[in-house]
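As structure tokens, the structure follows; a few thoughts come after it.
The values are calculated or read from the model by the stated rules, or taken from the named source; none is laboratory data. As the structure is a computational prediction, the values presented were derived from the model and not from experiment. Ideal geometry is used to build each Cβ from the backbone, glycine not excepted, and the neighbour counts take in all protein chains shown. Ligands, DNA and RNA are excluded from the accessible area calculation, which covers all protein heavy atoms including side chains. Shrake-Rupley method; radii C 1.70, N 1.55, O 1.52, S 1.80 Å.
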Amino acid sequence: MTLSFDVLKTVYRQAIDPRASDRDPSIWWDAVAQEMREVVLAGTDREAAAVIEWWHNDWASVSDTPVAAARRIRQSVRLIMKRERMQA
């Protein structure tokens with residue numbers, strides 16, 4: 001599965017942080033996109049969570065967990081891919 005940079009940005013905003021901006025540094029977006037790809041390609045939600053555990057110093061402070069975030073990312077990608085297949 002190949003996901004464009006724009007799709008990965010959309011997924012990140014939907015699943016993690018809607019305030020993420022195109023004004024954020026491109027080097028940051030590049031790193032986020034790479035990790036998003038790893039999350040999507042992981043075999044399980046727990047493996048995907050291991051990729052992003054470090055994203056927040058304290059996931060609990062935002063009432064979130066890496067597993068929940070990984071699930072949202074993977075679900076967002078599945079929905080986008082489903083929409084694209086339906087439009088094709």
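Structure summary
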item	result
Answer from ARG37, ARG83 - the residue that is open to solvent by 60 Å² or more (accessible area, probe 1.4 Å) and without any contact (Cβ under 8 Å) to a residue 24 or more places away in the chain	ARG83
Search result, residues across the stretch 1-33 that are open to solvent by 80 Å² or more (accessible area, probe 1.4 Å), without any contact (Cβ under 8 Å) to a residue 24 or more places away in the chain and under 20 Å from THR65 (Cα atoms)	PRO18, ARG19
Helices (runs of 4 or more DSSP H) within the stretch 1-84 that include 1 or more residues aromatic (Phe, Trp, Tyr)	5-15, 26-41
Among residues of the stretch 52-73, those that are open to solvent by 30 Å² or more (accessible area, probe 1.4 Å) and either at pLDDT 90 or above or of a type in the set (S, T, N, Q) (or both), counted	7
